[in-house]
1. Name the helices (complete DSSP H segments) of the chain with a Cα length along the long axis of 27 Å or more and a Kyte-Doolittle mean of at least -1.0, or state none.
2. When ranked by the protection proxy of mean other Cβ atoms within 10 Å per residue, highest first, what sequence do the peptides 114-122, 25-33 form?
3. Quick one: if you stick a label point 7 Å off each Cα along the C-beta vector at LEU45 and VAL18, how many nm between them?
4. In debye, nearest 20: dipole of the stretch 1-71 around its Cα centre with unit charges on the Cβ of K, R (+) and D, E (-)?
5. Got a sec? How would TYR34, TYR75 order by Cβ neighbour count within 10 Å, fewest to most?
6. Which Cα, out of GLN83, LEU22, ALA133, lies furthest along the positive dipole direction of the chain (beta carbon charges, K/R +1, D/E -1)?
Amino acid sequence: MSRTADPARKRYTKRLAVLMTLYLVFLFLAVRTYNVDGGGVDGALAWAIAILPALPVIGVFWAILAMIVETTDEYQRLKLVKQTLIAAGFALSVMTVLGFLANFGLIAPVDGFWSLILFFFGVGIGSCVTAFAERRADRAAGDAV
């Protein structure tokens, strides 16, 4: 099955494009409000503006879950689940190590949003791991014939 022919992947790509566009717009507005306009907002409005760029990022996690749920090919769904679990495990492991290093004063505290960057880097790692495992299984199946 072609990746581009998969309707779930097409919907994911559209959702991702919309969410990342919103992220860029919200981030620009939030940074502009705090840096250019002198940060003249406070209270609940300041909290809302600071949280606004996080909402599309949260939406990306929903889009990933929706793609997993909407994928009809069970093998492709399994690969997506494996990639997501590898990504989550990678991000949580790195952040845990960094947290302990910071707690013992060996490094400066690490901002939590780095977990997002690590997660998406982990998706790439998960994709490589699943592709490698798939090639290895194909070779083993070819040798068995």
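Taken together, the values in this text are just the output of simple stated rules run on the coordinates, not laboratory data. All of these numbers come straight from a predicted model, not from anything done at the bench. When we count neighbours, we look across all protein chains shown, and the Cβ atoms used for this are built from the backbone with ideal geometry, even at glycine.
1. What comes out of the filter, once short or polar helices are dropped, is 7-31, 74-103, 114-144.
2. Ranking the peptides 114-122, 25-33 by packing returns 114-122, 25-33.
3. For the pair LEU45/VAL18, the computed spacing is 2.9 nm.
4. Here the stretch 1-71 has a charge dipole of around 420 debye.
5. The most exposed by this proxy come first: TYR75, TYR34.
6. ALA133
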